[in-house]
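Down below is the structure, laid out as structure tokens.
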Amino acid sequence: MAAKRLSVYLMALPETPALAEAAVAGGADLLEIGFPFSDPLADGPVIRLAGERALERGMRTQRCLACLAETRRLVGPDVPLIPMTYASILEAHGYERFWADARTAGATSLIVADLPLEAAPEIPRVQLVAPTSTEERIREAAERTDGWLYLVSVTGTTGARATVSGQLEGLVERARALTGVPLLAGFGISTPEQAAAAAALADGIVVGSRAIQVAEESGAAGLEEFVASLRSALDAVPAPAG
Amino acid sequence: MSVAERGLFGAYGGRYVPETLVPALDELERGWAEIRADASFQDELAHLQETYVGRPTPLYRAERIGDGRRLYLKREDLCHTGAHKINNAVGQALVARRLGKRRIVAETGAGQHGVAAATVCARFGLECVVYMGSEDMARQRPNVERMGLLGAEVRPVEFGTRTLKEATSEAIRDWITNVETTHYLIGSCVGPHPYPEIVRELQAVIGRETRGQILDAEGRLPDAVVACVGGGSNAIGIFAGFLGDDGVRLVGVEAAGAASLGTGRPGVLHGARSSILADEDGQVADAHSISAGLDYPGVGPEHAHLRDTGRAEYVPATDEEALAALHLLAEREGIIAALEPAHALARALELDAELVVVCLSGRGDKDLAVVLSHGR
Ligand SMILES: Cc1ncc(COP(=O)(O)O)c(C=O)c1O
């Protein structure tokens, strides 16, 4: 059983490359970089507000791409870097041009929270599935996804929650029965305990809202420490028997 | 037809939503297809339209303001709750009941759709949560109070523009979170497929009635049909009666500061591709209008398509022009219109056409404070 994967989501900001470097030092395996959008339907208050502030600081597409390139420079060639954004941004930039520019800046894939599975098949992206997804859609998402499947662990928006959603277990079971691609669980995972609980089910986790809060409150050093605490929680998850 | 092509109006429409909602939209699409083919639904809807909503609404000839034109007003302001929004709300409440959803979420700008949603929820015993921008709550106070009286919970939206755009986003987020129990009662012909289609069909009663009424009154079709366009539901409803009549000009009137069709660009907002007010990076811009119901940077995808094909034309009216038309109608005809249709009236009064129908989509009680604060 391979080590559990840890993905950390950060909003694109001038300080993000340094934060990303700290997250990798703390043990993040991959990084999602949020390109802010004015009307982020999938996001709860923390990421929505972070996006609002990023836009106020001028983080439009070109500057987000520059942030991505600088992040790539700091974290080296091996860490997967995935811009996460909304369809309106690609629509305005041009879908193919967006992917070309993102790749040039160091992106390895994309996540577009509101782009339907069937749309823009020429643009590689990590697909999301949710507790409400039918078997048919999970199968199709697994076929089309780029590398791993993003399990939305709860019917809801991004943001910290008190406990790991009871919906995750059923979703993991259904997805496992349909596909062999790695499954990373996100939405609502914010503490080492929750990371361990989710990773006991899935192949890895995504932490977003809490990482953004920690970075805002205590900068790169605090983020590195927080990510390290998630890393050790994941490393302590026993491999399944058999 | 592939899934990606469903619900398209030319290059517009579709379904741009987080995955969580896709199965609910599929369920709604199936449920809607079944229910609209069901005679008992159509009978129940027709009965409610007649006995509860107050349909058919009159087509009134406004003789004192036509200025040489024969000007008719389709009196949606006389509907129960005071605007066309109830046509859609009644129909969707029947759909929600059929789908077994006991909880309704809705967004509202002017408060008219919120009141309509609260009304049908009271009538059908459904729980009702309405999201409303705090700025709109301040300028449409009477409707906030009406919703409370009807038993709905109004949740203020305190971020971003604090208007209809943010209220819609919050309603969709609530729906994502409570999708198993909740029907999203969207208030205009916007949003992901199948909403634009459902709202169009439920508002098409306006156009069907108008067509029959004008033929009775004048023995011919009008030269032009004029309606205000916020999300576009009253306009698409009245246009629907005349889309096949090439000789009838269809004119949509947007608020000058919220002209998603006039000055917008293709973009994605609230689950659909349409013409939206946005910058070159796709960030949605703020709209500005004295009228809360038109203060929205998006528009229904079918209107974007009608604009591109040239079947309908879209023109702006300013706050001042709408206010002047509102005063004129009040003083000459004894009708206090809402600020939204006052935009349509303002343009209709200048049209180079002999026989014109304007959709008077709502009454102005909700706007008294705003209108009086601007003086005469
Ligand atoms: C009276 C009235 N007319 C028009 C509108 C605009 O909506 P639509 O363009 O969907 O008809 C509103 C919206 O609140 C309204 O209250």
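The values are calculated or read from the model by the stated rules, or taken from the named source; none is laboratory data. The model shown is predicted, which means the values in this text are computed figures rather than measured ones. With ideal geometry, Cβ positions are generated from the backbone for all residues, glycine too; neighbour counts draw on all protein chains shown.
Structural remarks
- Only one entry in B:Gly7, B:Gly13, B:Gly100, B:Gly91 is in contact with a strand residue (DSSP E or B) (Cβ under 7 Å, 6 or more places away or on another chain) and within 27 Å of B:Met132 (Cα to Cα), namely B:Gly13.
- Residue in the range B:234-247 that is within 14 Å of chain A (Cβ to nearest Cβ) and within 13 Å of the ligand (Cβ to nearest atom) present: no
- Tabulated pairs, the range A:93-108, first under 19 Å from A:Ala119 (Cβ atoms), second modelled with pLDDT under 95 and not in a helix (DSSP H, G or I), C-beta under 7 angstrom, 6+ apart or interchain: A:Tyr95/A:Ala120; A:Glu96/A:Glu122
Per-residue answers, yes or no, for (1) within 14 Å of chain A (Cβ to nearest Cβ); (2) closer than 30 Å to A:Arg125 by Cα; (3) surrounded by fewer than 17 Cβ atoms within 10 Å (Cβ to Cβ):
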| position | (1), (2), (3) |
| --- | --- |
| B:Arg30 | yes, yes, yes |
| B:Ser40 | no, no, yes |
| B:Gln49 | no, no, no |
| B:Arg61 | no, no, yes |
| B:Leu71 | no, no, no |
| B:Asp77 | no, no, no |
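- So B:His343, is it in contact (Cβ under 8 Å) with a residue 12 or more places away in the chain and out of contact with any strand residue (DSSP E or B) (no Cβ under 6 Å at 6 or more places or on another chain): no
- Counting the residues of the range B:160-180 that are among the basic types (Lys, Arg) and in a loop (DSSP other than H, G, I, E, B) gives 1.
- Flag for A:Ala50 being surrounded by 24 or more Cβ atoms within 10 Å (Cβ to Cβ), closer than 30 Å to B:Tyr296 by Cβ, at pLDDT 95 or above and away from every other protein chain (no Cβ under 12 Å): yes
- On inspection, B:Gly375 does not qualify as of a type in the set (Gly, Ala, Ser), surrounded by 21 or more Cβ atoms within 10 Å (Cβ to Cβ), at positive phi and part of a loop (DSSP other than H, G, I, E, B).
- Residue within the range B:202-212 that is crowded, with 22+ Cβ neighbours inside 10 Å, within 16 Å of the ligand (Cβ to nearest atom), more than 24 Å from B:Glu50 (Cβ to Cβ) and aliphatic (A, V, I, L, M) present: no
- Residue match in the range B:140-159 (condition: facing chain A (nearest Cβ under 10 Å) and either more than 19 Å from the chain's Cα centre (by Cα) or not in a loop (DSSP other than H, G, I, E, B) (or both)): yes
- The residues listed here are A:Ile138, A:Ile123, A:Ile89; of these, the one that is within 11 Å of another protein chain (Cβ to nearest Cβ), touching a residue at least 24 places away in the same chain (Cβ under 8 Å) and farther than 23 Å from A:Asp203 by Cα is A:Ile89.
- Cβ-Cβ distances below 8 Å connect the following pairs, each with a first residue in the range A:142-158 that is facing chain B (nearest Cβ under 8 Å), a second residue that is assigned to a strand (DSSP E or B), and a separation of six or more residues or different chains: A:Val152/A:Leu128; A:Val152/A:Val129; A:Val152/A:Gly186.
- The one condition from (1) in contact with a Gly (Cβ under 9 Å, 6 or more places away or on another chain); (2) touching a residue at least 60 places away in the same chain (Cβ under 8 Å) that B:Cys128 does not meet is (2).
- Residue among B:Gly191, B:Gly187 that alone is farther than 22 Å from B:Cys79 by Cα, within 13 Å of the ligand (Cβ to nearest atom), out of contact with any Pro (no Cβ under 6 Å at 6 or more places or on another chain) and in a loop (DSSP other than H, G, I, E, B): B:Gly191
- Condition met for A:Pro83 (under 17 Å from the mean Cα position of the chain (by Cα), at pLDDT 95 or above and more than 10 Å from every other protein chain (Cβ to nearest Cβ)): yes
- Hey, B:Glu170 of a type in the set (Asp, Glu), more than 12 Å from the ligand (Cβ to nearest atom) and either touching a Gly at 6+ places or on another chain (Cβ under 6 Å) or without any contact (Cβ under 8 Å) to a residue 40 or more places away in the chain (or both) or not: no
- B:Leu215 being under 29 Å from B:Gly364 (Cα atoms), away from chain A (no Cβ under 14 Å), in a loop (DSSP other than H, G, I, E, B) and modelled with pLDDT of 95 or more: no
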